[in-house]
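One structure is given below, encoded as structure tokens.
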Amino acid sequence: MTKHPIEVITSVERRRRWSREDKERLVAACLEPGAVLSEIARSADIHVSQLFRWRKELCRIEEPLLQVASTLVPVIVSEAAPA
């Protein structure tokens, strides 16, 4: 018989608050070569999807905005196309 540690939550608060530094530390661990996200998430006692969301939010690269010029081009309509 193996004993597994359990965590007893006695407070009313249902959500844990993670500081930006804690999030950055966990995301940095994900970016290490050979890192396994499920193991990192399990060690922090969070769901893998939460880790993916933090990684997405913290590693967001702003894409350059494309400047599209709107220019009107005249169109000439002819009766028959030249052969």
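The values are calculated or read from the model by the stated rules, or taken from the named source; none is laboratory data. Bear in mind that the values here come from a model prediction, so they are computed numbers and not experimental data.
If you check residue 42 against the conditions, is it of a type in the set (Lys, Arg), over 17 Å from the mean Cα position of the chain (by Cα) and in a helix (DSSP H, G or I)? I'd like the intermediate steps shown before the answer.
On the way: of a type in the set (Lys, Arg): yes; over 17 Å from the mean Cα position of the chain (by Cα): yes; in a helix (DSSP H, G or I): yes.
So residue 42 passes the test.
All of (1) of a type in the set (Lys, Arg); (2) under 14 Å from the mean Cα position of the chain (by Cα); (3) modelled with pLDDT under 90 hold for residue 23 with one exception: (3).
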